[in-house]
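See structure below.
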Amino acid sequence: MGREVVQVQGHVARAPDDVWRILRDFCRAWHPWVATIREERGPQGARVRAFTVAGEETVYHEQQTYFSDSDRVLGYTHLEGIRDCEAYDARVTVTPAGDGGAHVAWTATIRAPAGRLMAIAEGTKAVFEAGIAALAGARVPAAPDLPTPSLATVETLIFDDLPRLALTVTPPPPPSPTRGEGGSRLPGTGPAAAPSHLPSPGWGGDGGGGRLDDTLCLFLHGIGGGRTNWDAQLRAVGGLVRAAALDLRGYGDSTLGPRQSTVDDYCDDILRVAERLGARRLVLVGLSYGSWIATSFAMRHPEMLAGLVLSGGCTGMSEAGPDEREAFRVSREVPLNAGQTPADFAPAVVKVLASPDAPEAVRQRLFDSMAAIPAATYRDALTCFTNPLERFDFSRLTMPVLMMTGEHDRLAPPAEIRGVAGRIWDAAPCPDVRFEVIAGAGHVCNLEQPAAYNRPLLDLLARLA
C-alpha cells in the first residue's frame, strides 16, 4: 500500500472571509465539476455529502471531519466512490494574503495500491486546482439567517439522597416529527439541488435522522463557578433538547460526599442525573474543570454520549507531571491555609478569568460565583483536579466534539485548545471535531459572550436532532 500527499496552493483575489463563506458549507455545489450534490447524515449526525461529477455516474461520499470558522479550516475524509482508495483525508485552509486577497491551501493524504496511487493523486491535484481557480468567480452566499431560539423556562430540582445534588432544569421540549431520510437538505437550486438526481441516503446510524427525546444536555461548571453560570445556555437550548445545569459536589445547593471527591464520583453523579431525568443519551457541556470531568466521563461511557462540548480546557492536570500537579495545588491552597475563603481572593481570580474589556456586570457575576464557594469545597475540588486517574485516550471519543475557548483566555489559550482539537482529530476513529475561538471573551467564555458561544452549540444540537 502506497502513500502520497497532494498539496495545492493558490491566491484568490477576494477577501478571506468571502472565500471562506463559499467553502464553509460542506454540502454546497460551488465546485465547477460537481453535477449533483446532497447532504446526508452519518453516524452521530456527521455531515456527509453525496455528489456526482459531470460526465460520470459514480456517486462519491465524503464526510466532514474538522471545522473551524475561527481559523477558516475544513477537513473531510473519503467514504466511497474512488476505486481502490484505502484512505483519503483532506484539509482546506483560507488565510489572508498580503494584498488583501486570500491564500488557499488544499492538502490530501492518500493511501492506495501502488498501481492506483498516482492516478488518484493526479486526479486530486486537478480537482484542487480547478476548485481554487473557481473561487475567484463563485457566488458568495449570503450570511445565513440565524434562528432565534425560543427561550425555555427553568426550574430547580434537588435530589435529596446523599450527596445532595442541585440542578437547574428545563422541561422536555414538545415532540417534533423525525427528519426521515437521514435529515437530508439540499442546498442551492437547479439540477444540483434536485433530490431525484441521487439515491436515497444510505447513511444513518445512531444520531443521524433521529430525535433528541431521550437526550439530556448537561452543563458542568468550572472550579470557580456554579450552575447559574449556564443560565443563558439553558434557556437557549431548552427548545431543542431537555437541558440541565448541575451544581458539582459542594457547590451551590449540592453537598460534598462523605470522603474526598474523585472524578469517578463526578461520573457517578452524571449517571445518577441521567437516570433520574430519564435520559439514555447525553450531550455533556463543560467549562474548564467541567470540561475535564466531561472528558473523563467520555473515557468511561462513550456509548452514552451524543456529543461532547469542551470549553476553556479539556485535559486538566491529566498530562502534567507529579511536580507540576503538586505545585498547582499548593499555590492555590496557600490562601486557604492562611485562613482565607474564596470570597477573600475572588477579586484576584476575576482579574485572571475576565477579558480585558469585560463589563462590570460580567465581572460581578464571576466574583459572585467565586465568592459563594465554601473553602472546604474549593479544597476538595483542587485535590480532585490535581489527582487525575488517567491520561486521556482520544481514540475513545466516538461522538462529535465541539471545542471552544475565549480569545483572551489565560488559562486555556487558543493555541493550546487548537492543539488538543488537532490531536482529537488525529486520534478519534471517526473524527467529527469543531474548534472555535470566542472573540472578546476570557476564560468563562459562555458567560462573557453567550450569543457567540450559543451559535456553535445550537448548530451541534440541531444536527443531532
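The values are calculated or read from the model by the stated rules, or taken from the named source; none is laboratory data. These figures come from a predicted structure and were not determined experimentally. Here Cβ is always computed from backbone atoms with ideal geometry, including for glycine, and neighbour counts include all displayed protein chains. We work out accessible area using only protein heavy atoms, side chains counted, and drop any ligands, DNA or RNA first. Shrake-Rupley method; radii C 1.70, N 1.55, O 1.52, S 1.80 Å.
Of the conditions (1) within 25 Å of E40 (Cα to Cα); (2) surrounded by fewer than 16 Cβ atoms within 10 Å (Cβ to Cβ), E129 clears all except one; give me its number.
(1)
What pairs can you find where one residue is in region 50-77 and small (G, A, S), the other is outside any strand (DSSP E or B), and their Cβ atoms are less than 7 Å apart, with a gap of 6+ or different chains?
Cβ pairs passing all conditions: A50/V59; A50/L198; A54/W33; G75/W425.
Would you mind stating whether V12 is within 17 Å of W106 (Cα to Cα), modelled with pLDDT of 95 or more and touching a Gly at 6+ places or on another chain (Cβ under 8 Å)?
yes
Going by what's in this entry, would T65 be described as hydroxyl-bearing (S, T, Y), in contact with a Pro (Cβ under 8 Å, 6 or more places away or on another chain), closer than 25 Å to L402 by Cβ and modelled with pLDDT of 95 or more?
yes
What pairs come up if the first residue lies in region 245-261 and is over 18 Å from L382 (Cβ atoms), the second is open to solvent by less than 10 Å² (accessible area, probe 1.4 Å), and their beta carbons are under 6 Å apart, counting only those six or more places apart or on different chains?
Taking only residues 6 or more apart or on different chains, the pairs are A245/F219; A245/W230; A245/L234; L246/L167; D253/A166; D253/D247.
Looking at this structure, is R280 in contact (Cβ under 8 Å) with a residue 12 or more places away in the chain and under 25 Å from the mean Cα position of the chain (by Cα)?
So R280 passes the test.
Of the residues that make up region 331-345, is at least one under 28 Å from the mean Cα position of the chain (by Cα) and at negative phi?
No, every residue in region 331-345 fails to be under 28 Å from the mean Cα position of the chain (by Cα) and at negative phi.
Does D380 fit the bill of being in a helix (DSSP H, G or I), acidic (D, E) and open to solvent by 20 Å² or more (accessible area, probe 1.4 Å)?
In short, no.
Looking at S296 and the list (1) open to solvent by 10 Å² or more (accessible area, probe 1.4 Å); (2) in a helix (DSSP H, G or I); (3) touching a residue at least 24 places away in the same chain (Cβ under 8 Å); (4) among the hydroxyl-bearing types (S, T, Y), which single condition is not satisfied?
Result: S296 fails condition (1) only.
Of all the strands (runs of 3 or more DSSP E) wholly in region 80-175, which have at least 1 residues that are touching a residue at least 40 places away in the same chain (Cβ under 8 Å) and closer than 30 Å to S70 by Cβ?
87-96, 102-112, 165-169
Residues checked against (1) of a type in the set (A, V, I, L, M); (2) touching a strand residue (DSSP E or B) at 6+ places or on another chain (Cβ under 7 Å):
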position: V309; (1), (2): yes, yes
position: P335; (1), (2): no, no
position: L382; (1), (2): yes, no
position: T386; (1), (2): no, no
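Going by the structure shown, is R418 touching a residue at least 12 places away in the same chain (Cβ under 8 Å), assigned to a helix (DSSP H, G or I), under 23 Å from G45 (Cα atoms) and of a type in the set (D, E, K, R)?
yes
Output the residue which, of all residues in region 102-130 that are of a type outside the set (F, W, Y) and under 28 Å from the mean Cα position of the chain (by Cα), is farthest from L23 (Cα to Cα).
Within region 102-130, the match that is farthest from L23 (Cα to Cα) is I110.
With the requirement that a residue be under 9 Å from A343 (Cα atoms) and aliphatic (A, V, I, L, M), what does region 364-374 give you?
Within region 364-374, M370, A371, A372, I373 meet the criteria.
Being of a type in the set (K, R), open to solvent by 30 Å² or more (accessible area, probe 1.4 Å), modelled with pLDDT of 95 or more and in a helix (DSSP H, G or I) narrows it down to one of R332, R272, R259, R325, so name that one.
R272
Restricting attention to region 305-318, which residues are touching a Lys or Arg at 6+ places or on another chain (Cβ under 6 Å) and surrounded by fewer than 24 Cβ atoms within 10 Å (Cβ to Cβ)?
M317, S318
Checking I438 against (1) buried (at least 24 other Cβ atoms within 10 Å of the Cβ); (2) on the phi > 0 side of the Ramachandran plot, only one condition comes out false. Which one?
Result: I438 passes all but (2).
Within region 38-52, does at least one residue satisfy the condition of being open to solvent by 10 Å² or more (accessible area, probe 1.4 Å) and among the aliphatic types (A, V, I, L, M)?
No, region 38-52 contains no residue that is open to solvent by 10 Å² or more (accessible area, probe 1.4 Å) and among the aliphatic types (A, V, I, L, M).
Quick one: C85 ticks every box in (1) closer than 24 Å to L457 by Cα; (2) open to solvent by less than 30 Å² (accessible area, probe 1.4 Å) except a single one, so which number is it?
The number of the failed condition is (1).
Residues to consider are G286, G278, G290, G250; find the one that is over 25 Å from M404 (Cα atoms) and open to solvent by less than 20 Å² (accessible area, probe 1.4 Å).
Within the list G286, G278, G290, G250, the selection yields G250.
Sort out which residues of region 433-465 are touching a Phe, Trp or Tyr at 6+ places or on another chain (Cβ under 8 Å) and either part of a loop (DSSP other than H, G, I, E, B) or over 27 Å from E40 (Cα atoms) (or both), and write them in order of number.
Selection gives I438, A441, C445, N446.
Being aliphatic (A, V, I, L, M) and under 26 Å from the mean Cα position of the chain (by Cα): is that true of A29 here?
Yes: the conditions hold for A29.
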